[in-house]
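Below is one structure, written out as structure tokens; the observations come after it.
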Amino acid sequence: MANADRADWHAALCAIVGHTHVLDSDDEAARSYLKEWRGTFSPVARCIVRPESTEQVAAVVRLAAAHDLSIVPQSGNTGTVGGTAADDANGQILLNVDRMEVIREIDPDNATMTVEAGCTLGKAQRAAADAGFYLPIALASREMCCLGGNLGSNAGGLNVIRYGNTRDQVLGLEVVTADGRVWDNLSGLRKDNSGYDLNDLFVGSEGTLGVITACVLGLASPPRQRAVAFCAVSDVEAAVRFQRRIRQDTGDQVTGCELMSAQALSLALAYAPDAECPIEASQAWYLLIEVASAARGRWLSGIFAEALTAGRDAGEITAYAIADDEPGMDALWHLRESIPPAQSAEGASIKHDISLPVSRLPAFLQVALPDVAAVVPGIRPCVFGHVGDGNLHFNLTRPQDITDADFREYEAHLHRVVHDHVVAMRGSVAAEHGVGRLKVDEIQRVKSAVEIDMLRAIKRALDPHGRMNPGAVVRLT
Ligand SMILES: Cc1cc2nc3c(=O)[nH]c(=O)nc-3n(C[C@H](O)[C@H](O)[C@H](O)COP(=O)(O)OP(=O)(O)OC[C@H]3O[C@@H](n4cnc5c(N)ncnc54)[C@H](O)[C@@H]3O)c2cc1C
């Protein structure tokens, strides 16, 4: 950054995107771009630049390189790991793609849509629905996050068990590389073994390899039948057995399988006055399961009800309620969706976004829960998550009798205790939200030397001058 001449590069940026689309960090309009969800970082950018086309993105990247500035790609800024927490001191420009929101094409025969990176997930889903399709990425942030960020972070969400992560929807990308060239791979091919899978490399790279400007996404058929059940389970082993039964008995029609602890449920019930538990809330754990099929007819809820009854008869669940009408299903999902805001309202929480093979979740909880209670007596674990794909939000709410600041003192210790168990069981400490700036040290600590070397080699090959989102994902030294 030392060589950068502000007047020069600022004028040149304005010439590329128009002066109203270059914001200084202290502009009122810059606030939403510098907000950081967890409050862990205080982002300040050299400036925020909002190009409206792929050519403008490429020109900005080339200009930044010429002035020794670096680029932090940003879309909806809903990421929770500090992936877009720019650092002015290191000459970082926030490049936000929210003006690039065109749906370029929907191809019904190929069942694909081609969309620009700044299109919100919600808008893309509505366009897919209008064309008779379903874009199966289910995030509560859908009206704020954009496809560029969904791809950048390889977002997970509520229906990974059936449709996979964001990466599994991707059939092509358009990317501005770190040297400011455009890689156009918007072919939408379903088969292409003509070299390394570069799409897969950019998806989940969190802006550290290039700027994604557009994508081709595969579309599914919209669900025509759905049913949702809320079940009480006495322990997580039974929950694991039961989710296997439901998958098998419904012929893999499960689209969501969420686990929540009794503590998480009771926080949600206390927080949301309109949330109601449809069964007696007397167990330690609860499951919310959704099944869906694109096939016509009304047979799915019958099969589902049979599987639920069989699970209860086998002692895997102790009680359940089932709904197959929209208000009933919404009411059950409302219980699950009320947990994150309920937890925020309870004061500081120390979060872990972890994944394990589903079969190992019971063993993990058996050791991790007592261990965190030993570190902070009175700690309130608020455990929930996408148990169907092994992803838990192992979140720890502060004890009622200590302050947020005092609780935060334990953060590093608690992360270590939890992550050590996860790693010992061959899990991941960054399951769906990514690494960002938050977990760079932890990744370095828990990954093998051979893996860190490969991550660095890829970074150096595609971004030799370290200009794309420096500070995120992997350190080069
Ligand atoms: C209420 C709420 C619920 C959420 N639920 C979930 C959930 O269930 N599952 C889940 O996985 N996440 C969830 N998230 C986190 C977040 O919404 C997702 O990670 C989302 O995919 C981020 O998209 P974004 O557009 O906001 O990306 P941003 O926050 O702008 O960026 C995220 C990362 O991608 C990179 N990036 C952004 N744009 C580009 C681009 N054009 N090219 C290259 N890299 C880019 C950034 O540099 C950053 O590293 C939730 C967040 C909130 C606030």
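Some observations on this one:
- Per residue of the chain, the DSSP helices (runs of n ≥ 4 H) give a summed -39500 (n - 2.57) that works out to -10000 deg cm²/dmol at 222 nm.
- The stretch 62-131-the stretch 167-185 distance, computed between alpha-carbon centres (Å): 12
- Sorted from greatest to least, the principal axis extents spanned by the alpha carbons of the chain come out as 72, 57, 44 Å.
- Extension gain, residue 187 to residue 89, is 31.3 nm, computed as 0.36 nm per intervening residue step minus the present C-alpha separation.
- 5 angstrom amide H check on residue 185, placed H, neighbours 5+ away: 173, 174, 175
- Charge tally in the Cβ shell below 14 Å around residue 384, where Lys, Arg are +1 and Asp, Glu are -1, residue 384 excluded: -3
- Neighbour net charge for residue 475 - beta-carbon separation under 10 angstrom, K R +1, D E -1: +1
- Within the shell defined by Cβ-Cβ distances under 15 Å, the residues around residue 84 carry a net charge of +2, with Lys and Arg each +1 and Asp and Glu each -1.
- Histogram of C-alpha separations across the stretch 347-435, 5 Å bin width, %: 3, 15, 28, 26, 16, 9, 3, 0
- At 0.692 mPa s and 37 °C, Stokes diffusion of the stretch 267-308 via Kirkwood alpha-carbon radius, µm² per second: 248
- Placing unit charges on each Cβ (+1 for Lys and Arg, -1 for Asp and Glu) gives the stretch 56-109 a dipole about its Cα centre, and among 72, 90, 60 the Cα reaching farthest toward its positive end belongs to 90.
- Sorted largest first, extent of the stretch 1-100 alpha carbons per principal axis (Å): 34, 30, 22
- Length gained on full extension, residue 465 to residue 198: 94.1 nm, using 0.36 nm per residue less the C-alpha separation.
- Considering only chymotrypsin sites (Phe, Trp or Tyr not before Pro) in DSSP loops that have at most 12 other Cβ atoms within 10 Å, the longest stretch of the chain without any of them is 1-195.
- Contour excess over end-to-end distance, with Cα ends at residue 409 and residue 424 and 0.36 nm allotted per residue: 2.9 nm
- Each residue of the stretch 76-90 is assigned a 3J(HN,Hα), and the resulting list reads x, 6, 9, x, 10, 10, x, x, 10, 7, 5, 10, 4, 4, 9 Hz, derived from the Karplus form 6.51 cos²θ - 1.76 cosθ + 1.60 (θ = phi - 60°), x at Gly and Pro.
- The fraction of all Cα pairs in the stretch 325-477 landing in successive 5 Å bins from 0 to the largest distance is 2, 8, 16, 17, 17, 15, 11, 8, 5, 2, 0, 0, given as whole percents.
- Inter-centroid distance (Cα atoms) of the stretch 350-401 relative to the stretch 247-297, Å: 18
- Evaluated on the stretch 43-99, the Kirkwood hydrodynamic radius is 11.4 Å, with distances taken between all distinct Cα atoms.
- Cleavage-rule hits (trypsin sites (Lys or Arg not before Pro)) in the stretch 246-342: DSSP loop, at most 14 neighbouring Cβ within 10 angstrom: 296, 298
- Cβ-placed point charges (K, R +1; D, E -1), dipole of the stretch 3-96 about Cα centre in debye, nearest 20: 260
- Point-charge dipole on Cβ atoms (K/R +1, D/E -1) for the stretch 347-435, about Cα centre, debye to 20: 200
- Residues with amide H under 5 Å from that of residue 47, placed H, sequence gap 5 or more: 94
- Kirkwood radius for the stretch 225-340, taken over all pairs of different Cα atoms as the inverse mean of 1/r, rounds to 14.0 Å.
- Taking the longest Cα principal axis of the chain as reference, the axis of helix 361-375 is set at about 80 degrees.
- Positive end of the dipole of the chain (Cβ unit charges, origin at the Cα centre): among 282, 350, 465, the Cα lying farthest that way belongs to 465.
- Helix 121-130 vs. the chain, principal-axis angle (Cα, 0 to 90°, nearest 10): 70
- Nearest-ten-degree value, helix 236-249 long axis tilted from longest Cα axis of the chain: 90
- At q = 0.19 Å⁻¹, base-10 log of I(q)/I(0) for the stretch 103-218 (Debye sum, equal scatterers on each alpha carbon): -0.98
- Simple Cβ-charge dipole of the chain, Lys/Arg +1 and Asp/Glu -1, about Cα centre, in debye nearest 20: 800
- Equivalent-ellipsoid semi-axes of the stretch 195-278, from the Cα gyration tensor, Å, largest first: 35, 20, 16
Throughout, read-outs are computed from the coordinates displayed, never taken from laboratory work. Small disclaimer: the values here were computed from a predicted structure and weren't measured. Methodologically, a virtual Cβ is constructed for each residue, glycine included, from the backbone with ideal geometry; neighbour enumeration extends over all protein chains shown.
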